[in-house]
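The values are calculated or read from the model by the stated rules, or taken from the named source; none is laboratory data. Remember, predicted model here, so these are calculated numbers, not experimental data. Using ideal geometry, Cβ is built from the backbone for each residue, glycine included, and neighbour counts are taken over all protein chains shown.
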Amino acid sequence: MIRYFRSLSLLLIAVLVAPAGAAQIVVHHDVARQALTLNVARLIFTMRLLHWPDGTRVRVFVLPDADPLHQEFAKRSLDLYPRQLRRVWDRHLFSGAGAIPVEVSSVEEMLRRVAETPGAVGYLPDGLARGEVRVVNVQ
Amino acid sequence: MSSSRIFRVLLPGLALMCCCSSLVSAGGFDEVEVHGFATQGFIKTSANSFFGDSEDGSFEFTELGVNASMDATEDIRLSGQLLSRRAGEMYSGTPSIDFALADFTVRSTENDNFGIMLGRIKNPLGLFNETRDVAFTRPGFLVPQVVYYDKVRNLILSADGLAARMSTFSELANVSLYLAAGQPLTDENVEYVYLGSGYEGDFSPDGLSYIGRVLVEKPDGTVRASLSIASTSMKFERGASDPIGNGGVSLVYGIGSLQCVVNDWTFTSEYMQEPIEWRGFVGSPLAGKEATGESYYFQAAWQARTDVEVMIRYGEGYADRADHSGVRIEQATGGAIPAHTQYSKIATAGIRWDVSSQLMVRAEYQRHNGTLILSNRENPVPAATVPDWDMFALSVSYRF
């Protein structure tokens, strides 16, 4: 009983102290890139790189600003504050000066949309990428 | 191609985009994105009128916008925005086309990109002009008035024409260049500012405006520096009852901007110079006049929590850098135009609360010395304005 209780509390602690889930950048499986530099990752998510090297249009998917995974992704993967991304997207949206990402409402929708959209790029919690969706590392 | 012809082609396209939005299947990338925003403000001043009868408290500040955008092809993006803006005596709220453009990406690689825009294009002057009417993107209740005078807003807001944009990217810096030529929009507010009053005659753009900007950013976005410039001319053809002769006004509007992000702090500063030249206007004090408007501000904003930002700002604006005190004009006009109408020195403190990602509330206090930022349309008798005054402003904004 004590052992059971100890395992349970360890599990609970693990769940509580774990970050929102380390985010990994994922792409549609047709995207040839195996890895991205930090600079290129930033260009993609600030909507300044519109084509992959083979000419396919880059399609960016993101979660809402308030989503813990989005905040984790912005800080850890891009080393940007979420509000910096918002500033760029809002300038594009409200002036017509550029494209904006497609906002999805959940990790499940992110997985589905990236899987079914050629040229898609987004992010998922560690270990969730599967099927048509492939992880690319940021170097 | 004349601007009216551009719009005859573009506008039906944009209208169609809006109508079709509900018909297009979700999930495809041909879908139309529709977004919008609304802001209602309240302004109370201790004296003078700013956006309505603000001495008694004014609600005459409302901004409504709705925009639509879609990828027409892999390389062509269409977007447009309708805007209704009511601001006291200056803007009535009549809906107008804020922008309506086609953006053609010619080249986009990891090292550089190049594109062409055609239509009504927002002018990227300073850090905030392009989205100055969207509360969520502003650094305060309004854009800093000393650099982005509300009374000449329409003249520098957008241009109907053609623009080229190009950027290079590296680990050191991203450098962007923007060049545009187009017809500006003038309105009665612009006439009041540059001619001193509203006349029967016609005050209209004289040829094309030219707009240019160089923007240098660190790839992590922590430093942004830009130099932007617009050059424009207007002509006045007098009406039968006008006491002044025909004439022309040429001006250059230049802004140097710097923004640094350090942890939870954002520091922003901009400096503006506006050389203005009046030609003609026989029989009026404007004949042969020259002046150089000058202004600057510093702002520090602290992200106290993810949903709360606190800011302070100090700025000064002068109608003519050769007459900072305004005394020359006061003497030349025998006191009819008091010195304090020729400058504004403004200290501001404000707070922004993002209640949710869609709802934002702002409160701001401003201490003013001078009345340069006021519109003489709202304050028709310069000698009746009060030099030292306070403003308290509240706004609620919603976006979707």
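Counting residues that are at pLDDT 95 or above and under 30 Å from B:PHE128 (Cα atoms), which strands (runs of 3 or more DSSP E) fully inside the stretch A:22-139 reach at least 2?
Details: elements: A:23-28, A:59-62, A:120-125, A:133-135.
Where strands (runs of 3 or more DSSP E) fall fully within the stretch A:22-139 and carry at least 2 residues being at pLDDT 95 or above and under 30 Å from B:PHE128 (Cα atoms), they are A:59-62, A:120-125.
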(message) With the requirement that a residue be crowded, with 21+ Cβ neighbours inside 10 Å and touching a Leu at 6+ places or on another chain (Cβ under 8 Å), what does the stretch A:74-83 give you?
(response) A:ALA74, A:LEU78
(request) May I ask you to list pairs of residues, at least six apart or on different chains, whose Cβ atoms are under 9 Å apart, with the first in the stretch B:323-342 being among the small types (Gly, Ala, Ser) and the second being modelled with pLDDT under 90 and not in a loop (DSSP other than H, G, I, E, B)? (result) none
(request) For the stretch B:80-100, name all the residues that are within 11 Å of chain A (Cβ to nearest Cβ) and over 17 Å from B:ARG132 (Cβ atoms). (result) B:GLY80, B:ALA100
(request) Give B:ASP150, B:ASP103 a once-over and let me know the one that is among the acidic types (Asp, Glu) and within 16 Å of the chain's Cα centre (by Cα). (result) B:ASP150
(message) Any residue at all in the stretch B:203-222 that's over 30 Å from A:PRO82 (Cβ atoms), of a type in the set (Val, Ile, Thr) and within 14 Å of chain A (Cβ to nearest Cβ)?
(response) yes
(request) Could you pull out every one of the strands (runs of 3 or more DSSP E) wholly within the stretch B:228-341 that has 2 or more residues that are acidic (Asp, Glu)? (result) B:265-280, B:290-305, B:308-318
(request) Considering only the stretch B:223-234, state which residues are in contact with an Asp or Glu (Cβ under 6 Å, 6 or more places away or on another chain) and either surrounded by fewer than 18 Cβ atoms within 10 Å (Cβ to Cβ) or within 14 Å of chain A (Cβ to nearest Cβ) (or both). (result) B:ARG224, B:SER233
(message) Any residue in the stretch B:375-400 that is basic (Lys, Arg) sitting within a Cβ distance under 7 Å of a residue that is part of a loop (DSSP other than H, G, I, E, B)? List the pairs, counting only those 6 or more apart or interchain.
(response) B:ARG377/B:GLU89; B:ARG377/B:MET90; B:ARG399/B:GLN358
(request) Hey, could you check the stretch A:27-72 for residues that are of a type in the set (S, T, N, Q) and within 13 Å of the chain's Cα centre (by Cα) and say which is nearest to A:ALA97 (Cα to Cα)? (result) A:THR46
(request) Considering only the stretch B:59-93, state which residues are surrounded by fewer than 19 Cβ atoms within 10 Å (Cβ to Cβ), of a type outside the set (A, V, I, L, M, F, W, C) and within 30 Å of B:SER108 (Cβ to Cβ). (result) B:THR73, B:GLU74, B:ASP75
(request) Identify the single condition in (1) closer than 30 Å to B:PHE298 by Cα; (2) of a type outside the set (A, V, I, L, M, F, W, C); (3) buried (at least 16 other Cβ atoms within 10 Å of the Cβ) that B:ASN263 does not satisfy, given that it satisfies every other one. (result) (3)
(request) For residues that are more than 26 Å from B:ARG77 (Cβ to Cβ), of a type in the set (Gly, Ala, Ser) and out of contact with any strand residue (DSSP E or B) (no Cβ under 9 Å at 6 or more places or on another chain), scanning just the stretch A:93-133, find the one that is nearest to the other protein chains (Cβ to nearest Cβ). (result) A:SER106
(message) Residues to consider are A:ARG42, A:ARG48, A:ARG59; find the one that is closer than 23 Å to A:GLU108 by Cα and at the interface with another protein chain (Cβ under 8 Å from one of its Cβ atoms).
(response) A:ARG59
(message) Just to verify a result, which residue in the stretch A:84-112, among those that are within 20 Å of B:ASP354 (Cα to Cα) and in contact (Cβ under 8 Å) with a residue 12 or more places away in the chain, is surrounded by the fewest Cβ atoms within 10 Å (Cβ to Cβ)?
(response) A:SER105
(message) I'd like to verify a number: residues in the stretch B:163-192 that are part of a strand (DSSP E or B) and either surrounded by fewer than 18 Cβ atoms within 10 Å (Cβ to Cβ) or free of Cβ contacts under 8 Å to residues at least 24 places away in the same chain (or both), how many?
(response) 7
(request) Those residues that are hydroxyl-bearing (Ser, Thr, Tyr) and at pLDDT 95 or above, I need them from the stretch B:293-338; list them, please. (result) B:SER295, B:TYR296, B:TYR297, B:TYR314, B:TYR318, B:SER325
(request) State yes or no: is B:PHE136 within 14 Å of another protein chain (Cβ to nearest Cβ), over 20 Å from B:SER395 (Cβ atoms) and touching a residue at least 12 places away in the same chain (Cβ under 8 Å)? (result) no
(request) Taking the residues in the stretch A:62-83 that are in contact (Cβ under 8 Å) with a residue 24 or more places away in the chain and either among the acidic types (Asp, Glu) or within 7 Å of chain B (Cβ to nearest Cβ) (or both) as candidates, determine which candidate is nearest to B:PHE136 (Cα to Cα). (result) A:PRO64
